[in-house]
Amino acid sequence: MRTAVWFLLFVAALTQGVFAQGPGAEEEGAPTFTVTDLPVGRPLRIVVYGDMRFTNPSNTSDTQPGVRKWLAQKVAEEKPDILLLTGDMPFHGSDPADWKVYSQETAAWTQEQVRVYPTIGNHEGLPDPAKGIANYFAAYPQIEKHNYYSVQLGNVYLITLDSSTFMGAGWPQHHWLEAQLAHIPLSADFVFFLFHAPLVSDLQTAFMLGIPDPTALRLRHELEAWAGKSRAKFVVFNGHIHNYERFEMNGIMHVISGGGGARPYPIFIRGDQDLYQAGTYPNFNYLVITLEGKHAEAKMYRVVDPNAGDKRVELKDRFVLDAK
């Protein structure tokens, strides 16, 4: 059902000319963007989080506005060089009012001149996909109307996909992805993948919601095959599940950070594959990655009490990423 809905959203948007044209065949293996002004002489700082559902603060059922706004400010205070958003930033992407709230509550990102790279979630196209994606492109002019794109960030190669469209064989996005994987720069020690829908999830989510679906499973197996041949370490960042999960499968680290403020999802059963086994709830969170050369340290910070007047975070998960 979820795939069918997203397919209809994609067709509606495509027929109305919302999506940007893909790169020419001769450019498909090249990075869409290259960043040349990264900091020198200190580690690169990357923050990952998503699923905020920015909307009218009076809506306290679909999102928790107090912690949502506080987290956006807290992320700015982390002073990231790169901010990766895992999707579902607005509650209704086609509603300009929701994007206005987004702009207001993330004003500190603009003030701090944070370099932001987003991915499209299912809420970006709701309820009107054409208007929603147009609003998304307007909010992120830096991606130049690309619904999927790549960025060369020093020794990190970022591949951002669009989970709201089919990624199966024969589709333009899949063809583009294959070209990207076949031309990963030799300078890349890490390949970060950013997209909304997870390729792996805990036991409870897989059983109750059917996540990942067959298309996502096929993509996961394809990435695993490429990871086995690549000299770079593959790391996948997703949202969609309003919690936090982490897996290491066949050489790929999968991290789900969907605790940006949307109504939290309780997880009562975490399978053995989930490397995060803490029983805390809710898990409003963000991830900070400190990258220095071929080594990175990642830390997940969780909001201790989202209802507290004086909020604070606690370190609840940490792991390392090393180049091959």
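What residue among PRO141, PRO96, PRO31 shows peak mean-square fluctuation when the chain is described by a Gaussian network model with Cα springs under 10 Å? Fluctuation is largest for PRO141.
Size of the dipole of the chain about the Cα centre, Lys and Arg at +1 and Asp and Glu at -1 on the beta carbon, nothing else charged, in debye to 20?
Working: 28 positive and 35 negative charges, 90 e Å.
Dipole size: approximately 440 debye.
In terms of its C-alpha gyration tensor, the chain has a rounded overall shape, because the principal axis ratio a/c (a ≥ b ≥ c, square roots of the eigenvalues) stays below 1.5.
When all protein chains stay in place and ligands, DNA and RNA are ignored, the 1.4 Å accessible-area order of SER58, SER230, largest first, is SER58, SER230.
If we count every other residue with Cβ under 11 angstrom of VAL200's Cβ, Lys/Arg +1 and Asp/Glu -1, where does the sum land?
Numbers: positive: ARG220, ARG246; negative: ASP202, GLU224, GLU245, GLU248, ASP274.
My count for the surroundings of VAL200 gives -3.
Using the rule -39500 (n - 2.57) for each DSSP H run of four or more residues, divided by the residues of the chain, the 222 nm mean residue ellipticity is -8000 deg cm²/dmol.
A 1.4 Å probe, protein heavy atoms only, puts the accessible area of TRP70 near 60 Å².
The mean of 1/r over all pairs of different alpha-carbon atoms in region 64-169, once inverted, gives a Kirkwood hydrodynamic radius of 14.5 Å.
Mean projection of the alpha-carbon convex hull of region 107-213 over all orientations, in nm²?
One quarter of the hull surface, i.e. the mean projection, equals 9.0 nm².
In the assembled protein chains, LYS131 presents an accessible area of approximately 120 Å² (probe radius 1.4 Å).
What is region 41-172's relative contact order, in percent, from Cα pairs under 8 angstrom and six or more apart in sequence? Write out the running numbers ahead of the final one.
Numbers: 213 pairs, mean separation 30.1, N = 132.
Relative contact order here is 23 percent.
Evaluate the Debye formula for region 283-322 with equal point scatterers sitting on the alpha carbons, no solvent, and hand back log10 of I(q)/I(0) at q = 0.18, 0.24 Å⁻¹, in q order, two decimals. Those come out to -0.53, -0.73, one per q.
In percent, how large is the relative contact order of the chain, given Cα pairs closer than 8 Å and 6 or more residues apart? Could you put the intermediate results ahead of the total?
Working: 709 pairs, mean separation 62.3, N = 324.
RCO, the chain: 19 percent.
For the pair region 152-190 and region 262-324, the centres of their Cα atoms are 26 angstrom apart.
The alpha carbon gyration tensor of region 247-324 gives principal lengths a ≥ b ≥ c with a/c of 1.5 or higher and a/b no greater than b/c, which makes the shape oblate. Projecting the Cα positions of GLN111, PHE91, VAL235 onto the charge dipole of the chain (unit charges on Cβ atoms of Lys, Arg, Asp and Glu, taken about the Cα centre) puts GLN111 furthest along the positive direction. What the Kirkwood sum gives for region 172-213 is a hydrodynamic radius of 12.7 Å, with every pair of different alpha carbons counted.
THR32 sits with roughly 50 Å² accessible to a 1.4 Å probe, with DNA, RNA and ligands left out of the calculation.
Taking the Cα centre of region 153-294 as origin, work out the dipole magnitude from +1 charges on Lys and Arg Cβ and -1 charges on Asp and Glu Cβ, in debye rounded to 20.
Values: 9 positive and 12 negative charges, 23 e Å.
Roughly 100 debye, rounded to the nearest 20.
Find, to one decimal place in angstroms, the Kirkwood hydrodynamic radius of region 153-264, where the mean of 1/r is taken over every pair of different Cα atoms and then inverted.
Working: mean 1/r = 0.0689 Å⁻¹.
Kirkwood hydrodynamic radius for region 153-264: 14.5 Å.
With r defined as the distance between the Cβ atoms of HIS183 and LEU217 and R0 fixed at 30 Å, what FRET efficiency is calculated, to the nearest 0.05?
Details: r = 25 Å, r/R0 = 0.84.
After rounding, the FRET efficiency stands at 0.75.
Sorted largest first by accessible area at a 1.4 angstrom probe radius, with every protein chain in place, the residues ARG263, ARG270 fall in the order ARG263, ARG270.
Under a cut-off of 24 Å between alpha-carbon atoms, report the lysines in cross-link reach of LYS324, not counting same-chain residues fewer than 8 places apart. Reachable lysines: LYS229, LYS233, LYS294, LYS299.
The values are calculated or read from the model by the stated rules, or taken from the named source; none is laboratory data. As the structure is a prediction and not an experimental result, all values here were calculated from the model. FYI the Cβ positions are ideal-geometry reconstructions off the backbone, even for glycines, and counts take in every protein chain you see. These area figures cover heavy atoms from the full protein model, side chains too; ligands, DNA and RNA do not enter into them. Shrake-Rupley method; radii C 1.70, N 1.55, O 1.52, S 1.80 Å.
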